[in-house]
Structure formats: C-alpha cells, structure tokens
Number of protein chains: 2
Amino acid sequence: MAQEQIKEARKSYHHGDLKGALIRATQQLIEEKGIDHFSVSDACRLAGVSTAAPYKHFKSKDEMVVAGVCDAMARHAAELQADLAPHLKGSQDRIVAMGANYVDYALREPGMFRLRFAHFEGEPPEAIQMSGEAIYGLVQEEVRAYLGEPEINERVRDRAYLLWCVVHGMSYLSMVPEFASKRPLGSPEDYLRRMSDVVLAR
Amino acid sequence: MAQEQIKEARKSYHHGDLKGALIRATQQLIEEKGIDHFSVSDACRLAGVSTAAPYKHFKSKDEMVVAGVCDAMARHAAELQADLAPHLKGSQDRIVAMGANYVDYALREPGMFRLRFAHFEGEPPEAIQMSGEAIYGLVQEEVRAYLGEPEINERVRDRAYLLWCVVHGMSYLSMVPEFASKRPLGSPEDYLRRMSDVVLAR
DNA sequence: CTTGGAAGTTAGATGCTCTAACATATGTAA
DNA sequence: TTACATATGTTAGAGCATCTAACTTCCAAG
C-alpha cells in the first residue's frame, strides 16, 4: 500500500474500476484500523460510492476482505520474484534475500500479512491456501538448490521447515514494536544470514 | 479454554460473576468465530444477560476483548511457570520445555495467541505490553542461565532473540494447517531441541 | 431497618451489513 | 441509429450490533 488513496471524486455515474478501488480501500483501512474496525461502509466512503455498491462485486464483507488479501498476496509474490531475480540460484544471497523480503513485507503490510495466515472461520479461502502452498513450494525449491540436492527429499523438507520457522518468527517479531526493539544490533539480513548458515549447513 | 461453557441459567437478579463469565465467553467466542465475527451480543447470550450488562464492567467492546486477552495471558504465564518447574534451571530441557509450551499454547488458544501480538489501533494496551515484556524477560533469563553468563549481556540478548524467533515461527506455522502439515516427521520438541542446539551453542 | 451504590433491566439512538427495487450507462445486434 | 440486455450504480429499509440513559433490584454498611 505505497500509493496513498484519496477520496475519489467521480464524474460519471459509473465508477470505472470500483472493484479495484474497493480492494485498495479495504487494504488501506485494514492497515490503518485493523480487521476488527474495518467496515464496508468506510471503504465505500473512501471510494465515493453508496454502501450498497460493493455487493455488485462481492458477495459479502468477508469476501471483500479475502479479495483484498488475495490481491496483496499476488503483489507480494510478484515483488518477491523480482527481489530474487538478481541473485544466483543456489546462492546463500538468494536465501537471505527471500527471507529479508518476507520480513520487509510483513513490516510494510502487517494487516495483510496477518490475515494471510489468519483463522477464516469455516471457509478456508481456496485462493489464499493455494498461494500459500505456492510460496512454500518456492521455499523448498530454493533450499533444494542451495543444498545441491537433486530433488525435494526429506533433507530438503526438513531444512526448509526450519528456515521457514525462522523467517516467520522474525517477521512476526518485527511487526510487534515491543519485540522488534529487542533485536540486538544487526539488520534482519545479518540475522537471516547467520540463521541460514546453521539451519542450512551442508 | 478447556472448560466448556454452557449457556448460564441464572436464579437471582444478579449474576454473581458476570465479569468473569463475560471474559470466558469472549475467549470462547473469539476462538470459535475469530475476532472479526465476535460480538458483545453473542457473549451476552452465552452469559444469559442483556446486551447492556457488559457496560457495567467494561467501557467498550475493545476493552472487553483486551480483558479476555489479558486473562488468557495470565493463565498462560502461570501454566508456563508450572511447566518449567520440573526442569533444572540452566538445562536444555528447560529451554525446550519453554518453547514447547509456547507452541502448545498457540495451538490450544490460537485466537488469544494472535490477539496478544495484534495491532490494537491507537491504544497499545498497557497490560498486554507489560506482560509481553515480562515473558521476554523470562526468556532472556533462561538463556542467560543456560549459557552460564553472569548477567544479561549482549551475547544473551543476541541468542535470546534468535531463540524467540524460532519459537514464534514454530508457533505461527503450527497454527496454520497448510503449514503445520509441512513439518517433516518429528515432534515440535525435536525441532526445538535441534534449534536450541545451534542457536544457543556455547 | 434504612439507604446508597453496585449491578442488573428496558428503550432507544446511531451505525453497519446486506437485500430489493429501481435508475443509468454501455455494448451488441438488428 | 435504435433498442434491448446487462452491468453497475442508487435509494429504501430490515435486522442486528454497540453503547447510553433512565429505571429496577438487591446487597451490605451503618
């Protein structure tokens, strides 16, 4: 959510891209107020439409939130690919970059990051789950390459899990100010490098 | 939230322990439905009182949620102490037990666990923050003892942070079914022991 | 006892979600 | 071009949630 979103003034009866605008408004408001203070009405005010308009695009508030999370995940996935590209496949730099990107994203969009792994009563949203599997697949593949294994075997799965624990833990700790302040001198990258040294020792 | 909570049938006009009942109802409902589907009204129905009653005990819905989280944290802190007691101070068993307790608690009360580190717009609830500091203090102290350091110095802070990353990461991954299933054979304890081996190498 | 305050109640103001019915724009086919 | 079907907006309103005000019940201190 780098792009700031200002209240939209429409000229025509139709919005043009209301669905997109609502998704962005949803993301922005959840970041600002948290999921439990987010309201469809607020998003409507931001987008400059009536409170009934969203229901032409989403079945419910829940579905609108899920759409916001999915959009955020897609953006993040693309960005992760871009961050990884400069680094040689199989290099430690690439592993560290992957972790650092994760931590950095969590700091930039903590609301979306949390929701991505949230409860979602009853319905485990297909799209979110699939995308999670995809990311984890990427992690395993990167670990495989780093370890020089020919396939994703038990060793790779084991190390990938450990790595992912560390990356996730750093992400969450970084989002909580009272814990983020507990990180002794050193950047996230420094810690990720040290951890990958031991976790992925070959 | 081991104790199941059934709808209360009152005999007298006054409830007796409405505040406690509401706190338990809040915890139960948040576990069941998630923070965004929790309503004070539901909690009132569970406790068998009118929807205005809670406002004699809590200023707002938010405050009621915070009270639920604080209560859960207090219970968890006591339980953690009990889990640690049998283990010799300074032993690896004690470190592993601490981590395992954390992961186990996250699995039992994921709703409370998440909220404990959640956003809390505007107000970072004093009580929650203090308790977080207390837990982190305990972690540092245990790491200090394990490493045999005379005081909480830079080395201790560094290792404690790494350990806490791992424990937090395992906790969160364990709560998400799609990731929990990615843990290769081995119990959380096994992984915690391996991680503490390397993270706390002396 | 009496009585003041704590802890309930009902009633209602305000706001949110979501549906129904209606209005307006757009694109395709005649 | 005209006309219609459809997509995408609107207003109105039902139903439920939060929270306050004013009233009631009960306990406990004097």
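Any read-out appearing in this document is the output of simple, stated calculations on the displayed coordinates, not a laboratory observation. Only a predicted model underlies this, so the values are computations on that prediction, with no experimental measurement involved. With ideal geometry, Cβ positions are generated from the backbone for all residues, glycine too; neighbour counts draw on all protein chains shown.
Out of A:A160, A:A134, A:A106, A:A118, one residue alone is touching a helix residue (DSSP H, G or I) at 6+ places or on another chain (Cβ under 9 Å), surrounded by fewer than 14 Cβ atoms within 10 Å (Cβ to Cβ) and under 29 Å from B:A118 (Cβ atoms). It is A:A134. Just one of the numbered conditions (1) in contact with a Leu (Cβ under 8 Å, 6 or more places away or on another chain); (2) at the interface with another protein chain (Cβ under 10 Å from one of its Cβ atoms); (3) closer than 14 Å to A:V96 by Cβ; (4) without any contact (Cβ under 8 Å) to a residue 60 or more places away in the chain is not true of A:V167: (4).
The condition (being more than 9 Å from chain B (Cβ to nearest Cβ) and within 23 Å of A:L107 (Cα to Cα)) is satisfied by just one residue among A:L162, A:L147, A:L173, A:L138: A:L138. Residue count for the range B:176-196 satisfying the condition of being free of Cβ contacts under 8 Å to residues at least 24 places away in the same chain, outside any loop (DSSP other than H, G, I, E, B) and either surrounded by 23 or more Cβ atoms within 10 Å (Cβ to Cβ) or more than 9 Å from every other protein chain (Cβ to nearest Cβ) (or both): 2. Reported count of residues in the range A:158-196, each being closer than 15 Å to B:R159 by Cα and among the acidic types (D, E), is 1. Consider A:G90 carefully, then state whether it is touching a residue at least 40 places away in the same chain (Cβ under 8 Å) and outside any helix (DSSP H, G or I). In short, yes. Remark: pairs (first residue in the range B:136-162, outside any helix (DSSP H, G or I); second residue of a type in the set (K, R); Cβ separation under 8 Å; 6+ apart in sequence or on different chains) = B:G148/B:R202; B:E149/B:R155; B:E151/B:R144; B:I152/B:R144.
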